[in-house]
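To start, the structure itself, in structure tokens.
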Amino acid sequence: MTFVVTENCIKCKYTDCVDVCPVDCFHEGPNFLVIDPDECIDCTLCEPECPAEAIFAEDELPEGQEMFIEINADLAKKWPVISEVKPPLPEADEWNGKPDKTKLLEK
């Protein structure tokens, strides 16, 4: 099992989760983070650190978020590793909690 970053991270990109990850499994895109399922050790440390509550265990994904398993796996192969905390996107607080952001994901 692995952890998965879901839709609510889009246009927020808080990086609190990156700071606690012991294996550097996070990858950074323009407006979203993903977890590399091959690197994730299922330690659970990242989930409670996410201010957007966008990280879930693969078997506990909210309904309608299942597509993010594949999105995380695919984009982790393309995007660089992020291992240091960075400021969130400028309008992160405004976007946090807004629905239907998948179409805004920049790849």
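The values are calculated or read from the model by the stated rules, or taken from the named source; none is laboratory data. Please read all numbers here as calculations on a predicted model, not as lab measurements. All Cβ positions, even for glycine, are placed from backbone atoms using ideal geometry, and neighbour counts span all protein chains on display. Note: accessible area is taken over every heavy atom of the protein model, side chains too, but ligands, DNA and RNA are not part of it. Shrake-Rupley method; radii C 1.70, N 1.55, O 1.52, S 1.80 Å.
Observations, loosely collected:
- The listed residues LYS11, LYS107, once ranked by accessible area (1.4 Å probe) with the largest placed first, stand as LYS107, LYS11.
- Protein accessible area in the range 31-81, 1.4 Å probe - carbon and sulfur %: 48 percent
- 1.4 Å probe accessible area per residue over the range 16-107, in Å²: 60 Å²
- Spatially close lysines, pair count over the chain: Cα under 20 Å, gap of eight or more or interchain: 19
- Taking label points 7 Å from Cα along the Cα-to-Cβ direction, GLU70 and GLU47 give a separation of 2.4 nm.
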